[in-house]
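Chemist: One structure, as structure tokens, below. Some questions next.
The values are calculated or read from the model by the stated rules, or taken from the named source; none is laboratory data. None of these values were measured; they are calculated from a predicted model. For neighbour counting, all protein chains shown are included, and Cβ atoms are generated from backbone atoms with ideal geometry for every residue, glycine included. Ligands, DNA and RNA are excluded from the accessible area calculation, which covers all protein heavy atoms including side chains. Shrake-Rupley method; radii C 1.70, N 1.55, O 1.52, S 1.80 Å.
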Protein chains: 2
Amino acid sequence: MTITQQVANFIYKEHLLEPHQTVVAGVSGGPDSLCLLDCLHALGYPVVVGHLDHQLRPGSGDEAKYVEKIADSYGVKAIIGQENVRALCGGGKSLEEAARLARYRFLVHVAKTHRISVIATGHTADDQAETVLMHFLRGAGPSGLRGMLPATKMDTWRGIPDAIGMTLVRPLLNLTRDETQAYCNARGLSPVVDHSNLDTTFLRNRLRHELLPELETYNPGIRNVLIRMGQVMAGEASLLEGLVAKAWDTIVNEVGDEALTIEIAPFLSQSISVQRALVRTVIDRMRPTLRDVGFETVERALDFIEEGARGKRLPLTGGLEIMRLQDEVLISFPGAAIAFPHLPQLTSSKERTLEIPGKLQLAQGWSLFVDEKRLPQSDRDDFVYSETAMKASFDAMSIHGPLILRPPRQGDRIRPLGMQGRMKVADLFINEQIPQPARANWPVVACDDLILWVVGLRMCHEARLKPESEVALVLHLRSSQEEVP
Amino acid sequence: MTITQQVANFIYKEHLLEPHQTVVAGVSGGPDSLCLLDCLHALGYPVVVGHLDHQLRPGSGDEAKYVEKIADSYGVKAIIGQENVRALCGGGKSLEEAARLARYRFLVHVAKTHRISVIATGHTADDQAETVLMHFLRGAGPSGLRGMLPATKMDTWRGIPDAIGMTLVRPLLNLTRDETQAYCNARGLSPVVDHSNLDTTFLRNRLRHELLPELETYNPGIRNVLIRMGQVMAGEASLLEGLVAKAWDTIVNEVGDEALTIEIAPFLSQSISVQRALVRTVIDRMRPTLRDVGFETVERALDFIEEGARGKRLPLTGGLEIMRLQDEVLISFPGAAIAFPHLPQLTSSKERTLEIPGKLQLAQGWSLFVDEKRLPQSDRDDFVYSETAMKASFDAMSIHGPLILRPPRQGDRIRPLGMQGRMKVADLFINEQIPQPARANWPVVACDDLILWVVGLRMCHEARLKPESEVALVLHLRSSQEEVP
């Protein structure tokens, strides 16, 4: 089978391109990208060549002109960009990383200008082996070790917002570098020599020229080992993705934009690998720009989920913290607005006055209804001590002044119905095992200094219905799930 | 936390030993094993020390005596063995492998003689990092990359049949080599220096003294990377084991001792990782002594299962071959006796005579019943052309001579009931899509040269029931699943 046929088969098998689909080809001028251009052209794909002059060496402009000339020989348009890549690095970003980002940003720009949605690069099996080794050395998890995929959706690419909807394809991923070089020789193509490829201060070049040859003394087939490891890990990663997707809804709850909870019991019933993948996915959801989530972070989270005591918090990574609630852990940014759909919460900390009769909206579809009810003589006995989680009834005559809905304040106290003494509202929350982050926005109904109702939890003794009460003030909490009566 | 406490915690958390459980400790005399012995003793576990003199160097006997002396200082029994390890290698077995096998065989022997079921070794986190790296270089799959487990059942250990029921535990697997050395210093223990540890012709020593320091220039935390990779891979391996166990019964059928079939459709509905693991497990079932099943073998099997044409065969590994049947592939040793529990098969190729009435046993619980039935005038019409897969009725008067049950022979022909011409029995098998390996043992009932019934498939036209038939000869096939009427 010829190289061109191999490439055609790979494109077909991996669904990389539709027949005659237009594609932007990243062409540096080296053997890999010349092979790519030649194959794509031979297979009838309309191509736009993109080449970024990194301006790292004098003479880099000549390479750009050479690529332009080659594109011309195919009757193909070449877009040449220029970027002072050296100026882009710093801030923890290596020259290699900066160059890589600039290159993709440029190719995406070319694609967007030409309304093309696929970008092809000349990555080979050798690049794949190096990538897997690099990730291995860095300590990437299974999803890192899978290396480059034949096709990657670029939607979530960090630093390239324009990449949404674009796909990066690698039609040469099954060819070796030697094969692309041999192809160029056979087709009379003269690749430029990229001198930066020999600069071993670049990590990738050091791997290529020093470490891989060294590893070959242990196993001459080490490149294949790395490539196959990438394939195996790609399988594992996709298996885990599927299992995480399946488990997600029963284990993870989104509580506001910047917080998630994990339900502990069903989480722990998953296998350890799925647990790890769930934690990684949760972190990735909340911090999509975080590149490498370390193994230690994941293990720390697992330990905490299994053993963390209620109310305990632990910093996780990237500003996130994990906190133990009741049967769940909460993962959030400290101070984030957290929505607890299963608990009544205020929409703001502003005081609001309750009209009688009236209704006030709480967060997440909850609402609070107020009404007055004249009590017929016969009913009064039944109303004494009337309190449920969703409803509290008061003696209207004991309440002097407007009803205020507000969050709890430091020092708030209440004498719960039927009890002798007063207690701190803060202690009430603890007794009732209300998740700590849900306390600050808990609705409280007060009249002057008297706390009438810590909504859904306890009403006060002082304003209770008495046998002689003639009018009941009824507060009624309704959750979003509850049917309208 | 002291080292002893750390070891105690690890033993507890990983369920390595029951309190006061007696254990054989493998003690070379180096820092790791002295630390092991001292900790086990301090934690109250009764110990028997095992030490094998490998006789690789002059002076190895002195080490043995030193270990004996140390054991004595703990008031503990030491069993010293001797083995000329150099004489054991060869046949593809390296000196390291031979030494390792001899050592474990000796420790198992010590355990067995003392009726002890647990053997402890002093493997540390550094050993773990080296093991994972070694497996990585060799190209092991996920289950190889998991490295050493804290506890390993030794039942299936190749070359040590006595190990059945024994467990190998590694209480120091969370300690570094530096920690065991520091422990020895602090406790005034003087480990012997094993000079073979410095011999870099041993692969492990080369990794330890050359490759790992080299990798540390890429990532100073490479040892931790390797250890954590082992942990992640252990998780993946156990996840896959669970998924394989779950899928096994609906996908894999044992057809005799030396053959398995894989049902293609449910196999392909599994994720690629589970498919790989299933193939590995199938091979491992059939060739448990095969150590490393290569990635290429697995991929070849996957390709074949997806695309292999019916009747095609492919050598797999270790003498196994894979063959496409109908909706299944068969994995077997060429020429192996294959049992198809869902098909009627002879137990041997020997001819047997059928008594009338009578019953003959077939393989896998199938049986063949013979009976004669006098036909009342009124029934005869119903019997004409009477044939089902399980039952064939013949005109007794058309059969002259004893009924023979035998396998098909080359050139066997039959005129199937209701058809004009004769056909080869071999072609009948093809038409009926009988798995090739099931054909040689297919039961055939013949009388002289006349094939009466290719059992369960077609009966002959010549001896059919006719309207004038007075006696029917009824052959009845019964499968193991079928209820006795």
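Chemist: Show which lysines lie in cross-link reach of A:Lys77 when reach means a straight Cα distance below 17 angstrom and same-chain residues fewer than eight apart are skipped.
Modeler: Here the lysines satisfying the reach criterion relative to A:Lys77 are A:Lys65, A:Lys69, A:Lys112.
Chemist: Still on this model: Stretch B:Gln420-B:Glu210 to full length: gain in nm at 0.36 nm per residue minus the Cα-Cα span?
Modeler: Extra length available between B:Gln420 and B:Glu210 comes to 67.6 nm.
Chemist: Tell me which trypsin sites (Lys or Arg not before Pro) from the stretch A:80-183 have a DSSP coil assignment and no more than 12 other beta carbons within 10 Å of their own.
Modeler: Passing sites in the stretch A:80-183 are A:Arg115, A:Arg158.
Chemist: Can you pull the three principal axis extents for the Cα set of the protein assembly as shown, in Å, largest first?
Modeler: 116, 89, 88
Chemist: Shifting gears a bit: Using a 10 Å Cβ count of at most 15 others and DSSP loop calls, identify the longest part of chain B lacking such chymotrypsin sites (Phe, Trp or Tyr not before Pro).
Modeler: The segment B:75-384 is the longest one with no such site.
Chemist: Right, next: What number, in percent, do you get for the relative contact order of the stretch A:427-478 if the mean sequence gap of Cα pairs under 8 Å and at least 6 apart is divided by its residue count?
Modeler: 20
Chemist: Please give the per residue accessible area of the stretch B:1-125, computed with a probe of 1.4 Å over protein heavy atoms only, in Å².
Modeler: In whole numbers, the stretch B:1-125 has 48 Å² accessible per residue.
Chemist: I would also like to ask the following. How far is A:Gly319 from the same spot in each other copy, in nm, shortest first, if each label point sits 7 Å from Cα toward Cβ?
Modeler: The projected label point of A:Gly319 is separated from its counterparts by 6.4 nm.
Chemist: So how tilted is helix B:3-13 from the main axis of chain B? Cα-based, degrees 0 to 90, rounded to 10.
Modeler: Orientation of helix B:3-13: about 20 degrees from the principal axis.
Chemist: Distance in nm between label sites at B:Thr217 and A:Ile430, each 7 Å beyond Cα in the beta-carbon direction?
Modeler: Simple spin-label model gives 5.9 nm for this pair.
Chemist: Taking a label point 7 Å from Cα toward Cβ, how far is A:Gly44 from its twins in the other copies, in nm, shortest first?
Modeler: 8.1
Chemist: Right, something else. Label A:Glu372 and A:Gln21 with points 7 Å out from Cα along Cα→Cβ: what is the distance between them in nm?
Modeler: Rounded to a tenth, the inter-label distance reads 7.1 nm.
Chemist: Can you give me the angle between helix B:60-73 and the longest principal axis of chain B, using Cα atoms only, in degrees from 0 to 90, rounded to the nearest 10?
Modeler: Approximately 80 degrees, to the nearest ten.
Chemist: Next question. What share of the DSSP beta bridges in chain B is antiparallel, in percent to the nearest 5?
Modeler: Roughly 80 percent of the DSSP beta bridges within chain B come out antiparallel.
Chemist: So, one more: Between beta-carbons, use under 10 Å as the cut-off and find the net charge around A:Pro407, counting Lys and Arg +1, Asp and Glu -1.
Modeler: Value of the local net charge: +2.
Chemist: Which lysines have a Cα less than 28 Å from the Cα of A:Lys391, not counting those fewer than 8 places away in the same chain?
Modeler: Of all the lysines, those that pass the test against A:Lys391 - Cα under 28 Å, at least 8 places apart if same chain - are A:Lys350, A:Lys359, A:Lys373, A:Lys424, A:Lys466.
Chemist: Nearest the rotation axis from B to A, which residue of chain B has its beta carbon, and at what whole-angstrom distance?
Modeler: B:Glu236, 3
Chemist: Given contacts defined as C-alpha pairs under 8 Å and at least six residues apart, what's the relative contact order of chain B, whole-number percent?
Modeler: 11
Chemist: Normalise the Cα radius of gyration of chain A by 2.2 N^0.38 Å (N = residues in it) and let me know the number.
Modeler: Here the answer is 1.41, to two decimals.
Chemist: Give the carbon-plus-sulfur fraction of the accessible surface of chain B in %, rounded to a whole number; probe 1.4 Å, heavy atoms of protein chains only.
Modeler: 49
Chemist: What range in chain A is the longest one free of GluC sites (Glu not before Pro) that are in a loop by DSSP and have at most 15 other Cβ atoms within 10 angstrom?
Modeler: Between exposed loop sites, the widest span is A:1-350.
Chemist: If you take each beta carbon of peptide A:211-220 and count the beta carbons of other chains within 10 angstrom, what is the mean?
Modeler: Rounded to a whole number, the mean comes out at 3.
Chemist: If you take every DSSP beta bridge whose two residues both sit in the protein assembly as shown, what share of them, in percent to the nearest 5, is antiparallel? Intermediate results must be reported in sequence, preceding the final value.
Modeler: Values: 106 of 136 bridges.
That works out to approximately 80 percent antiparallel.
Chemist: Same structure again: Take the Cα radius of gyration of the stretch A:62-195 and divide it by 2.2 N^0.38 Å, with N its residue count; two decimals is plenty.
Modeler: Numbers: Rg = 16.2 Å, N = 134, 2.2 N^0.38 = 14.1 Å.
Working it through for the stretch A:62-195, the quotient is 1.14.
Chemist: Got the A:Val193 label distances to the other copies yet, label 7 Å along Cα→Cβ, in nm, shortest first?
Modeler: 4.8
Chemist: Still on this structure, I have one more. Say each of B:Thr347 and A:Lys466 gets a label point 7 Å from the Cα, pointing the same way as Cα to Cβ; how far apart are those two points in nm?
Modeler: Using points 7 Å along Cα→Cβ, the separation is 9.7 nm.
Chemist: Could you work out how far helix B:31-42 tilts from the main Cα principal axis of chain B, as a 0 to 90 degree angle to the nearest 10?
Modeler: So the inclination is approximately 90 degrees.
Chemist: Over both sides of the B-A contact, add up the buried accessible area with a 1.4 Å probe and give it to the nearest 100 Å². Show your work: numbers first, answer last.
Modeler: On the way: alone 24520 and 24550 Å², together 45750 Å².
Heavy-atom accessible area buried at this interface is about 3300 Å².
Chemist: Do you know the relative contact order of the stretch B:263-351, to the nearest whole percent, from alpha carbon pairs under 8 angstrom that are 6+ apart?
Modeler: That works out to 22 percent.
Chemist: Between B:Gln5 and B:Cys89, 0.36 nm times their residue separation minus their Cα-Cα distance comes to what?
Modeler: Additional length available on full extension: 26.2 nm.
Chemist: Quick check: the distance between the Cα centres of the stretch B:71-144 and the stretch B:223-301, to the nearest angstrom?
Modeler: 27
Chemist: Setting aside same-chain residues fewer than 8 positions from A:Lys93, which lysines have a Cα under 24 Å from its Cα?
Modeler: Answer for A:Lys93, where 24 Å is the Cα cut-off: A:Lys153, listed by chain and number.
Chemist: What FRET efficiency do you get for B:Arg57 and B:His114 if R0 is 35 Å and r is their Cβ-Cβ distance, rounded to the nearest 0.05?
Modeler: Working: r = 28 Å, r/R0 = 0.81.
Step by step, r from the Cβ atoms, then E = 0.75.
Chemist: Quick one: what are the phi-derived ³J(HN,Hα) couplings along the stretch A:152-159, Karplus 6.51/-1.76/1.60 with θ = phi - 60°, whole Hz, x for glycine and proline?
Modeler: 10, 6, 8, 3, 9, 5, 6, x
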